[in-house]
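Where a number appears in this text, it was derived from the coordinates with a stated rule and is not lab data. None of the values given here were measured: they were computed from a predicted structure. Reconstructed Cβ throughout: ideal geometry from the backbone, glycine too, with neighbour counts over all protein chains shown.
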Amino acid sequence: MLCAVLSQLRAAMEALRGRQVRTERALSEREEELVRAKEAAEKASEAKSRSSSPTCRTELRTPLNSLLILAQLLADNTGGNLTPKQVQFAQTIHDSGIDLLVLINDLLDLAKIESGAAATHAQHLGGEPRRPARRARARLPRAGAAEGPAVRHQSSSPACRHRCAPTRRG
């Protein structure tokens, strides 16, 4: 009887050792997966930090600033050789470019904040958060074709969320 109990204990110990080896192996594999995931996250974070670098800001702003200058020169129409409609279109291009520049600056600032390169503090700035969407909505009907895109402005909170969706007129 004692031999049978000892035999059962040995079998149970062998089963436990096998389970321990499998568990240690699985734990080691999981640790390796976590290390790889951490390295991938660090690489992504580094790439994101590089995308908000001053060089990236310059690469985005320089061509846009050139477009803004040219559009403003056309809108000023100092030579008087543009039609009123052409001046209006040049002003629309300039206004849209300014809105785009503000958006680019905001996105790059958010990237800096997320990467920890910039600190934030709460402050009420006043102004109208819906201004760019309203301006775009006002400009599109006169600048677009008869069947071109239209903009719907939807707001579900005082913070104002904007969604622009293509729709068909008519």
**Request:** Have a look at 107, 97, 67 and report the one farthest towards the positive end of the charge dipole of segment 53-110, computed about the Cα centre with Cβ charges (Lys/Arg +1, Asp/Glu -1).
**Result:** 67
**Message:** Suppose each label sits 7 Å from its Cα in the direction of the beta carbon; what would the residue 72-residue 46 distance come out to in nanometres?
**Reply:** 4.0 nm
**Prompt:** Based on the mean of other beta carbon atoms within 10 Å per residue, what is the order of 95-108, 72-85, 3-16, most packed first?
**Reply:** 95-108, 72-85, 3-16
**Message:** Net charge around residue 27, counting only other residues with Cβ within less than 13 Å of its Cβ (Lys, Arg = +1; Asp, Glu = -1)?
**Reply:** -1
**Asked** In the neighborhood of residue 11, defined by Cβ-to-Cβ distances under 13 Å, what is the net charge if each Lys or Arg adds +1 and each Asp or Glu adds -1?
**Response** +2
